[in-house]
Amino acid sequence: MVVTVWVMVGFVAGISGVVIGYVALRQARLAVQHYQHTLARQSEAGVGDLKAIRDVAVCRYDALEEMTGRLSFSVAMINALGDGIVLTSINGRSETRTYVRPVVGGKGQQPLAPEEEDAVRAARLGLGPVVEPQVARR
C-alpha cells in the first residue's frame, strides 16, 4: 500500500516535471520568434543598421599578481546581432600584451577568458560601459 502511494506520487511528480519543461520550452521558443520578428521588422523599417556597433562594456581587473590597480581590461564591442570583437589588454610591470578575439552570435569563435565572457555578457545585456568581473579570479 505504501509503495503504491510512493509510486503514484513519483508518477505525478514526473508528469508535472515534463509539463513544466514543455511550457518553459514553448515560452522560450515564443520569445526567440518574437525577437527575430522584431529584428526583421526593424531591418525592414530602416530603424537602424543591425551591424553597427551598439553595445560596449569594459571589464577591468588584475590579471597578474605582480600588478594591482585593475590595469588589465577586456572591452566587448557588439552589434545588434551579437557579432563583434573583444579587445583584451594584459598589463604587467615590464610589458603589455593585447589580444583581439571575434564574437559571433554572442559567443567567442575562440575560447574566451572569464573576464572576456563577462564583458560580452554585459554588453549583450546593456550593463556597460564599465562592469565588475563576475567571479573572483585565482
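Per-peptide packing, taken as the mean over residues of other Cβ atoms within 10 Å, places 20-27, 84-91 in the sequence 84-91, 20-27 from highest down.
Helix 114-125 and the long axis of the chain differ in direction by around 70°, with both axes built from C-alpha atoms.
Using the 1.4 Å probe convention, the accessible area of the chain works out to 70 Å² per residue with neighbouring protein chains retained. Taking amide H atoms as placed 1.01 Å from N in the peptide plane, the amide H of residue 80 lies under 5 Å from those of 52, 54, each 5 or more residues away in sequence or on another chain. Remark on residue 92: its backbone amide H falls under 5 Å from those of 97, a criterion applied only to residues 5 or more positions apart or on other chains, H modelled at 1.01 Å from N.
Using a Gaussian network model of the chain in which every pair of alpha carbons under 10 angstrom is joined by a spring, one finds that among 119, 28, 13 the greatest mean-square fluctuation is at 13. Cut-off 10 angstrom, C-alpha nodes, Gaussian network model of the chain. Which of 105, 14, 69 fluctuates the most? Checking each option, the largest mean-square fluctuation is seen for 14.
Take the Cα of residue 39, step 7 Å toward its Cβ, do the same at residue 2, and the gap between the two points is 5.6 nm. What FRET efficiency would be calculated for the residue pair residue 109, residue 66, taking the C-beta separation as r and a Förster radius of 30 Å, to the nearest 0.05? After rounding, the FRET efficiency stands at 0.45. Taking a ≥ b ≥ c as the square roots of the eigenvalues of the alpha carbon gyration tensor, the chain is oblate, as a/c is not under 1.5 and a/b does not beat b/c. Using a probe radius of 1.4 angstrom, the carbon and sulfur fraction of the accessible surface of segment 1-100 is 64%. Were the residues from residue 28 through residue 15 laid out at 0.36 nm apart, the gain over their Cα-Cα distance would be 2.7 nm.
The values are calculated or read from the model by the stated rules, or taken from the named source; none is laboratory data. It should be emphasised that the depicted structure is a prediction, and the values quoted were computed from it without experimental measurement. Positions of Cβ are backbone-derived with ideal geometry, glycine not excepted, and every protein chain shown enters the neighbour counts. Just so you know, the surface numbers come from the protein's heavy atoms only, side chains and all, with ligands and any DNA or RNA stripped out. Shrake-Rupley method; radii C 1.70, N 1.55, O 1.52, S 1.80 Å.
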